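Chemist: What follows is a structure written as structure tokens; I'll ask about it next.
Nothing in this text is a laboratory measurement; each read-out follows from the coordinates by a stated rule. All of these numbers come straight from a predicted model, not from anything done at the bench. Using ideal geometry, Cβ is built from the backbone for each residue, glycine included, and neighbour counts are taken over all protein chains shown.
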Amino acid sequence: MGRALRYGYVAALLATAWTMGLELAHVLKLPATSGYEPAMFGWLQQTLYFWSGVVSGTVCVVAVVLTALVALATRHDDILRWFTTGAFLAEGLATIIFFAVIYPVNLRFPLGEDGQPPADWATLRLLWEAGHVAGFVLFTLAFLLLTIGLVRAAATTRA
């Protein structure tokens, strides 16, 4: 593995770990937020989660792009291609879930001028949280695949 690929691989691993950590934050707060009243949940959506979403979204895109580049660069490597491609597919599925489940909820949830949440806010909150749980699971899988691939490649190089 050349130097550029090593640096790219480590960068993909770090970005994947950061995204996994951001998704873990959603999982850890789930017991608390599931009991929030609509007004509190709406306030969080408009304040804390807005800026968190900007940062999380950027880090997630970086992770997916870097993992895709690493998967492309390792496509001829008998050991790494399965791990990097699997990681990319897991991250890609997490991204699809974001755009199919989480983002539509983000668009529906801001409180209206009257300060009232959407009538189906509990369902929307459940979808939003489930989407983040799925994202955590998939980014954890991607992180494990990238880590195992890197360890196996290092062991093969030294052997």
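Chemist: Please give the net charge around residue 136, taking every other residue with its beta carbon less than 14 angstrom from that of residue 136, where Lys and Arg add +1 and Asp and Glu add -1.
Modeler: Residues near residue 136 contribute -2 overall.
Chemist: If you stretched the chain out fully between residue 44 and residue 156, how much longer would it get, using 0.36 nm times the residue separation minus the C-alpha to C-alpha distance?
Modeler: Stretched fully, the residue 44-residue 156 segment lengthens by 35.5 nm.
Chemist: Please state the relative contact order of segment 3-158 as a whole percent: Cα pairs under 8 Å, 6+ residues apart?
Modeler: Once divided by the residue count of segment 3-158, the mean separation gives 37 percent.
Chemist: Could you tally the net charge around residue 118, taking each other residue with its Cβ under 12 Å from the Cβ of residue 118, Lys/Arg +1 and Asp/Glu -1?
Modeler: Result for the local shell: 0.
Chemist: Most mobile of 58, 84, 67 per a Gaussian network model of the chain (Cα springs, under 10 Å)?
Modeler: The residue that fluctuates most here is 58.
Chemist: Then there is this: In Å and on Cα atoms, what radius of gyration and Dmax does segment 1-158 show?
Modeler: 18.1, 65
Chemist: On to the next question. Sum up the charges of everything whose Cβ sits under 12 Å from the Cβ of residue 74, counting Lys and Arg as +1 and Asp and Glu as -1, but leave residue 74 out.
Modeler: +2
Chemist: GNM, the chain, Cα, under 10 Å: largest mean-square fluctuation among 129, 37, 91?
Modeler: 37
Chemist: Run the numbers on segment 56-141 and let me know its relative contact order in percent, using alpha-carbon pairs under 8 Å that are six or more apart.
Modeler: Answer for segment 56-141 is 30 percent.
Chemist: For residue 130 and residue 79, what is the calculated FRET efficiency with R₀ set at 41 Å and r taken between the beta-carbons, to the nearest 0.05?
Modeler: Step by step, r from the Cβ atoms, then E = 0.75.
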